[in-house]
Structure formats: C-alpha cells, structure tokens
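The values are calculated or read from the model by the stated rules, or taken from the named source; none is laboratory data. Being a predicted model, the structure only gives us computed values, none of them experimental. Here the Cβ positions follow ideal geometry from the backbone for every residue, glycine too, while neighbour counts run over all protein chains shown. Each accessible area value is taken on the protein alone, full model and side chains, heavy atoms only, with ligands, DNA and RNA left out. Shrake-Rupley method; radii C 1.70, N 1.55, O 1.52, S 1.80 Å.
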Amino acid sequence: MSDDLWDKPIELMIENSDHFRSVGSTRDAIACLMTSWPTKGGKSFSAARRACLAAIDGKVAIEKAQLAFIRAAEEAGILRR
C-alpha cells in the first residue's frame, strides 16, 4: 500500500478555514473525494476520481493522480496555499 504515497502531502481546507486535512496518498485522495468533498461532480472532480482509481489499479502514474487531485481542489476552492 505504501507504493501510492505522494512525495508531498496536499493540504485542504475542509468545512471551514479552521479545519485542515492533509492528503498524502492516492488512497487518501479517493477517500477524501468520496466522503469530504464540498461538491460532487464537475469536470475536475470526475477527472481526479478517475485518475485516482486508475492509479490504485496501476494503470496511471500516481503523479498524474496527484496533479488531477490538486486541480480538483483548486476548482473546489479548498486547496490550502
């Protein structure tokens, strides 16, 4: 399972600006997308979900899944900078 770890965790602002979530792997990302995401749907959300699932199956590089997740977080306005 450690083969899906990202080099650097992605920090998200979930619920409000006082609550942060660190996502450090593809499995964490798919769990976050499915349980904590503020809005389901949208082009970036769907692309991130597909990329993360494909990465878990070994069909896509984890870096591609991480980039898709970052884009979805930016679109949702929850990426912590």
In the neighbourhood of residue 72 defined by beta carbon distances under 12 Å, the net charge of the other residues (Lys, Arg +1; Asp, Glu -1) is +3
Rounded to the nearest 10 degrees, the helix 62-76 long axis (Cα) sits at an angle to the longest Cα principal axis of the chain of 20 degrees
Globularity ratio of the chain, using Cα Rg and 2.2 N^0.38 Å
0.98
From largest accessible area down, sort 11, 63, 74; use a 1.4 Å probe on the protein chains.
63, 74, 11
Rounded accessible area of residue 36 (nearest 10 Å², 1.4 Å probe)
40 Å²
Hey, any idea what % of the chain's accessible area is carbon plus sulfur with a 1.4 Å probe?
50 percent
